[in-house]
Amino acid sequence: MSTSHDNPAFVPDPQSTESTSKDEPSTDNSQTSGPRQRETWGKDIEFLLSCIAMSVGLGNVWRFPSAALENGGGAFLIPYIVVLFLVGRPIYYLEMIMGQFGSRGAIELYDLCPAMRGIGIAQIIAVYFVSTYYASLNSIIGHYIVSSFKSPLPWAKCREEWGPNCVNADGTTLTSYLEAVNASVAPKSISSSELYFDKIVLQERDDIVDGIGVPNWPLVISLFVTWVIVLLAIIKGVRSSGKASYFLAIFPYIILIILLIRAVTLEGAAEGILFFIKPQWDKLLSPQVWFAAVTQVFFSLTVCFGVIINYSSHNRFGYNVHRDVVIVSYLDTATSFISGCTIFGVLGNLAHNVGSKDIGSVVKGGTGLAFISYPEAISKFTFIPQLFSVLFFVMLFVLGIGTNVGITSTAVSALRDMFPKLKQWQAACIVATVSFCIGLNYVTPGGQFLLNLVDNYAGSMSVLVVAIFELFLLGWWYGVRRVCKNANLMINQNPGWYWRCCWGVITPIVMLIILIYTYVSYVPLTYKGIPYPTWAATLGWCLFALGVLQLPIWCIVAIVTSPGETLKEKVRGAFSPKEDWGPLDANMRDIYKKEIKYDESRRKPGVWNYIKRNLAD
């Protein structure tokens, strides 16, 4: 497809798509007005590795197996795969194109429609909340890293104070338990790794009716170290985070494959993996399973949080983002399945040890799954389990850092876009400091209750609503045809029917159906079966409102501040692109504007013509 549409005057000069320098960001503003020049990646490979480090993280190793466990194992995989191909990958590519084309962050991108600026702001709010609790997960991982140097591993053996129903990692129980209690009336067995996580690491409360408690100081120290590392990775922008991506993206796979090999060789592992891949067909009709699939895809690929837009905005104009979309999306899915097989292989072994036939009830879901099943597998290593434990938790720590670097850098970039006078290191220090203070709430005895609350309301429900507005804005208002023109202008590649149909019809409609179905059948949130007190539920809905209300608030602000004498003129101005919208390079922006004017002159009225314009060449 020619971008000129048979008008050769509009064919771009290929040389104009090349970056003049990959080593230093451009500081020449003579050819651009509007948004400031953005720093570019040092090398193209750093962008790909950074996307891998960001997308392939705790969402795959922790959240994916946990979501599968809580939603029927194999019953979760079918919705996940469907949502991945109809929602996840199309949005990933869409955000890649728009971020790179406009060279704008998650907020400035919506200069294409100032009335919808609230979408970007809502996404930044959501990603900021996610970054605060992701860091708290790293603080837990840090605790395990230190504990891994002990011999024997502290979670491999039961303690007397944990009660008679504790089961050691080797499948044995306390002698006093066997002598005192008849096996036929014994309470449900609990693994030593689960009790260690609940009682030693988290010191978790049974509920939060009386509050969440005070911070656990060992976790506070680990949280501080986490934010120091993240700060060092982002303090110089993409220059520093790009260099860190080499290690953050590659190292975790080595350890994950070793653990997979060990997990599948455990006794009972086959039953656990079968539970993971065998669908429970009746659960496919549950809206909660589909909602969990959507949120997992969002978290796994980090779409609809503004992160992909921010990362791709630092690319050179002619970079081939389509190739990276294919690599990252398939690698992300493969990592999730590797983690799932590892986790459920261990769960099968745990079920075998405690004599349970119900794989799904062996351990509780939620955050603790990765801190129960993986440690359980490591404790079964016969050759220096401490070594593998240290390597594993360092790997998990690296995964968490990689994801947090991406989402935190998005918040920093947004802060600098709103306050251009702020330097990179100043914005990074502000975000890291405030995030650390917020993160103290998650390292309390009630911290996991709070994490689950924030994850559901601020990181899932509100993001789903905002994502639908993003899709309708970019796919319908901006137009699929125009998105395809953008891609063709950048990389001389026209997106095919799969992408067009998803952007224009399938993806927004699928998400809208899931949203309606989810809210119609909504049930109050619980944590480990425990309902939240009224104050906590109210807090959750306030977090939801904080994100969603950005849409009408900033729409009103845009209309009020838009130039014009009448309301109609103000509304029209608020929903029209800013004058400088388009590529930062002035020559490419002129080509883009001429192309748009030429295309507008050929428009025909009518709904069917609108559909043809967007979905056909």
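The values are calculated or read from the model by the stated rules, or taken from the named source; none is laboratory data. Because the structure is a prediction, the values reported are computed rather than measured. Note: ideal-geometry Cβ built from the backbone for every residue, glycine included; neighbour counts use all protein chains shown. Heads up: the accessible areas ignore ligands, DNA and RNA and are worked out on the full protein's heavy atoms, side chains in. Shrake-Rupley method; radii C 1.70, N 1.55, O 1.52, S 1.80 Å.
The mean accessible area for residues of the chain, using a 1.4 Å probe and ignoring ligands and nucleic acids, is 39 Å² per residue.
Ranking 492, 337, 120 by how far each Cα lies toward the positive end of the dipole of the chain (charges on Cβ) leaves 492 at the top.
May I ask you to work out the translational diffusion coefficient for the range 409-448 at 4 °C, viscosity 1.567 mPa s, via Stokes-Einstein with Rh from the Kirkwood sum over Cα pairs, reported in whole µm²/s? The Stokes-Einstein estimate is 117 µm²/s.
With all pairs of different alpha carbon atoms counted, what Kirkwood hydrodynamic radius in Å does the range 260-351 show? One over the average 1/r among Cα pairs gives 15.7 Å for the range 260-351.
Calculate, in whole percent, how much of the Cα-Cα pair population of the range 378-422 lies beyond 15 Å. It would help to have the intermediate numbers written out before the result.
Values: 604 of 990 pairs.
Counting every Cα pair in the range 378-422, those more than 15 Å apart make up 61 percent.
Normalised by 2.2 N^0.38 Å, where N is the number of residues, the C-alpha radius of gyration of the range 439-577 stands at 1.39. Only Cα sites of the chain enter the Debye sum here, all with the same form factor; the resulting log10 I(q)/I(0) across q = 0.06, 0.07, 0.09, 0.10 1/Å is -0.33, -0.44, -0.72, -0.87, listed in q order.
Give 236/593; 283/528; 236/421 a once-over and call out the pairs whose C-alpha atoms are over 23 Å from each other. If you can, show how the numbers build up before the last one.
On the way: 236/593 34 Å; 283/528 20 Å; 236/421 16 Å.
Long pairs (Cα-Cα over 23 Å): 236/593.
Keeping the other protein chains in place, figure out the carbon and sulfur percent of the accessible area of the chain, with a 1.4 Å probe. Could the numbers behind the result be given before it?
Working: 15980 of 24360 Å².
The nonpolar share, carbon plus sulfur, comes to 66 percent.
Cys residues of the chain that find no other Cys beta carbon under 4.7 Å: 51, 113, 304, 341, 429, 437, 484, 501, 502, 542, 555. Taking amide H as placed 1.01 Å from N in the peptide plane, the amide H of residue 191 sits under 5 Å from that of 167, each at least 5 places away or on another chain. Take 163-171, 528-536, 310-318 and order them by the average number of nearby Cβ atoms within 10 Å per residue, most first; the result is 310-318, 163-171, 528-536. Seen against the Cα atoms of the chain and their longest principal axis, helix 447-456 is set at about 40 degrees. For the range 416-445 versus the range 96-130, the spacing of their alpha-carbon centroids is 19 Å. One Cα centroid belongs to the range 474-488, the other to the range 272-302; the line between them spans 31 Å.
Looking at the range 99-153, which trypsin sites (Lys or Arg not before Pro) are in a loop (DSSP not H, G, I, E or B) and have at most 12 other Cβ atoms within 10 Å? Before the final figure, lay out each step's value.
On the way: sites: 104, 117, 150; in loops: 104, 150.
For trypsin sites (Lys or Arg not before Pro) across the range 99-153 that sit outside H, G, I, E and B with at most 12 neighbouring Cβ atoms in 10 Å, the list reads 150.
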